[in-house]
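Encoded as structure tokens, the structure appears first; notes follow it.
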Amino acid sequence: MNGITGLVLAGGMGRRMDSRDKGLVVFRGKPMVAHVIERLAPQVETLVINANRSLGEYVTFGYPVVSDEIGGYAGPLAGLHAGLRACQTPLIVTAPCDSPFLPIDLVARLHAAMQEDIAELAVAKTGDQAHPVFTLCSTTLLPSLTAFLESGGRKIDAWYSAHRVVEVQFDDVAAFANINTIDELQHLQ
């Protein structure tokens, strides 16, 4: 979709994956981030990867790589912050590098709901569970996010609850599964 940047969040420490860089862990023959890129790239105008290590390896995927400006592996919001600072489109959508089954209609559905509700953010949801790392948001929220992070805030839902947000119901819970551990990786291979 024109006017939307996709941001793949690959900036974590991978603590539950034996401190391995999760995006680069091989799943079904290729790095997990490659699966996410294949599903997200066709849905957006441009793509950016947020990573804080293995930068040279992430660059090989052919997209710009941005690192957190907030130190200490501050979580997905720090990745969103870095993505917003680099973003050249009015909207940005996030997806984690360890969710290789993300919906192929994720962006279209988030965008439609955001427009319909005149919201600033659209967040994916399955059942009662929101998935805030699958978020479409306006780049006008950068100052708000910067202030939130500078005040020590780290929880995504605490930040976005102060804005006009719409939650978008998806039926396929498995589409939002993320692979956090070696056991989960081996189980899904």
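Charged neighbours of residue 149, selected by a Cβ distance under 10 Å, balance to -2 (K, R count +1; D, E count -1). Here the dipole of the chain is about 380 debye; that uses its Cα centre as origin and unit charges on the Cβ of Lys and Arg (positive) and Asp and Glu (negative). Put a dot 7 Å past each Cα toward the Cβ at residue 115 and residue 150; how far apart are the dots in nm? Those two pseudo-labels are separated by 3.4 nm. In the context of the full set of protein chains, the chain has a per residue accessible area of 46 Å² (1.4 Å probe). Between residue 89 and residue 157, the simple label model (points 7 Å from Cα in the Cβ direction) yields a spacing of 2.8 nm. Under a Gaussian network description of the chain, with springs only between Cα atoms under 10 Å, the residue in 153, 11, 23 that fluctuates furthest is 153.
Put a dot 7 Å past the Cα of residue 140, heading toward its Cβ, do the same for residue 69, and the two dots end up 2.0 nm apart.
Oblate is the label for segment 1-110. Its Cα gyration tensor axes, ordered a ≥ b ≥ c, give a/c of at least 1.5 and b/c at or above a/b. For residue 30, the aspartates and glutamates whose Cα falls under 20 Å of its own Cα, not counting residues fewer than eight places away in the same chain, are 18, 21, 38, 57, 98, 183, 184. Estimated from the Cβ-Cβ distance and a Förster radius of 22 angstrom, the FRET efficiency linking residue 172 and residue 128 is about 0.90.
Measuring nothing but protein heavy atoms, the accessible surface of segment 1-149 at 1.4 Å probe radius is 52 percent carbon and sulfur. Computing FRET efficiency as 1/(1 + (r/R0)^6) for residue 60 and residue 164, where r is the C-beta to C-beta distance and R0 is 30 Å, gives about 0.20.
Temperature 10 °C, viscosity 1.306 mPa s: under these conditions the Stokes-Einstein estimate for the chain, based on its Kirkwood radius over C-alpha pairs, is 97 µm² per second.
Once the Cα-Cα distance is subtracted from the 0.36 nm per residue extended length, the residue 38 to residue 2 segment shows a gain of 11.2 nm.
The values are calculated or read from the model by the stated rules, or taken from the named source; none is laboratory data. Since we're looking at a predicted model, the values are computed, not measured. In this analysis, Cβ positions are derived from the backbone assuming ideal geometry, glycine residues included, and neighbour counts consider all displayed protein chains. Heads up: the accessible areas ignore ligands, DNA and RNA and are worked out on the full protein's heavy atoms, side chains in. Shrake-Rupley method; radii C 1.70, N 1.55, O 1.52, S 1.80 Å.
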